[in-house]
Amino acid sequence: MESNNKPVPSLFEWAGGMQAFETLFDKFYDKVLTDDLLRPVFEHMSPQHRLHVAHFVAEVLGGPKLYSDSEGSHFKMIQKHLNRHLTQEHRKRWMDLLLQTADELVLPDDPEFRSAFVAYLEWGTRLAVINSNLREVTESPDAPMPQWGWGVPGGPYQA
């Protein structure tokens, strides 16, 4: 799809590429580890957790396949949430802190990007809560990584 003869960038590209995602999740998890509600959930995460989540989200939003090529799969991501017993309160705080961090880092805040970005995060965090209350993965181990695009707006406004 093109707008005014300009190719529509992926959400990954529009956000600023891999460095934007790695910085976002690094700064975000700094906040998580000082948060009374979320710290107990994440305080024992591996040192690579921040990077894995950055690569996972970046790939879903159109970035390189760093996560699925060398770090895991959607099936593996679901497995990491099993029996964690996350609540809506955890999910909402996670979302609040992530969006606060996105604002602080000046991730794009145009309506089209934020609509698509928040829609993916809402979808993904709600699945994480569901999966965290299961004992086994019900999805096929071969299920593809989710792919998220611009959705209804169809891309950013480009004058």
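The values are calculated or read from the model by the stated rules, or taken from the named source; none is laboratory data. Note that the coordinates shown come from a computational prediction; the quantities given were computed from them, not determined experimentally. Please note: Cβ atoms are built from the backbone with ideal geometry, for glycine as well, and neighbour counts cover all protein chains shown.
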The one condition in (1) over 20 Å from Glu13 (Cα atoms); (2) at pLDDT below 95; (3) surrounded by fewer than 18 Cβ atoms within 10 Å (Cβ to Cβ) that Pro111 fails to fulfil: (1)
Residue count, segment 128-145 (criterion: in contact with a helix residue (DSSP H, G or I) (Cβ under 6 Å, 6 or more places away or on another chain) and in a helix (DSSP H, G or I)): 4
Test: Thr125 is among the β-branched types (Val, Ile, Thr), closer than 14 Å to Phe28 by Cβ, at pLDDT below 95 and touching a helix residue (DSSP H, G or I) at 6+ places or on another chain (Cβ under 6 Å): yes
Segment 121-145: number of residues that are β-branched (Val, Ile, Thr) and surrounded by fewer than 12 Cβ atoms within 10 Å (Cβ to Cβ): 1
Qualifying residues in segment 34-46 (those that are farther than 16 Å from Arg91 by Cβ and within 18 Å of the chain's Cα centre (by Cα)) - the one surrounded by the fewest Cβ atoms within 10 Å (Cβ to Cβ): Ser46
Members of segment 86-108 found to be farther than 24 Å from Arg39 by Cβ and out of contact with any helix residue (DSSP H, G or I) (no Cβ under 7 Å at 6 or more places or on another chain), listed by number: Val106
Search result, residues across segment 10-41 that are under 25 Å from Lys65 (Cα atoms) and either among the polar types (S, T, N, Q) or at pLDDT below 95 (or both): Ser10, Gln19, Thr23
Wholly within segment 5-115, helices (runs of 4 or more DSSP H) carrying at least 2 residues that are aromatic (Phe, Trp, Tyr), in contact (Cβ under 8 Å) with a residue 24 or more places away in the chain and at negative phi: 11-15, 18-32
Segment 129-150 residues that are free of Cβ contacts under 8 Å to residues at least 60 places away in the same chain, paired with ones that are of a type in the set (S, T, N, Q) and in a loop (DSSP other than H, G, I, E, B) (beta carbon under 9 Å, 6 or more apart): Val129/Thr87; Asn131/Thr138; Ser132/Asn83; Ser132/Thr87; Asn133/Asn83; Leu134/Asn83; Arg135/Asn83
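Among the residues that make up segment 86-104, is at least one of them among the small types (Gly, Ala, Ser) and surrounded by fewer than 18 Cβ atoms within 10 Å (Cβ to Cβ)?
In the first step, residues of segment 86-104 are kept if they are among the small types (Gly, Ala, Ser); the result is 102.
Still in the running and surrounded by fewer than 18 Cβ atoms within 10 Å (Cβ to Cβ): none.
Looking for residues that are among the small types (Gly, Ala, Ser) and surrounded by fewer than 18 Cβ atoms within 10 Å (Cβ to Cβ), one finds none in segment 86-104, hence no.
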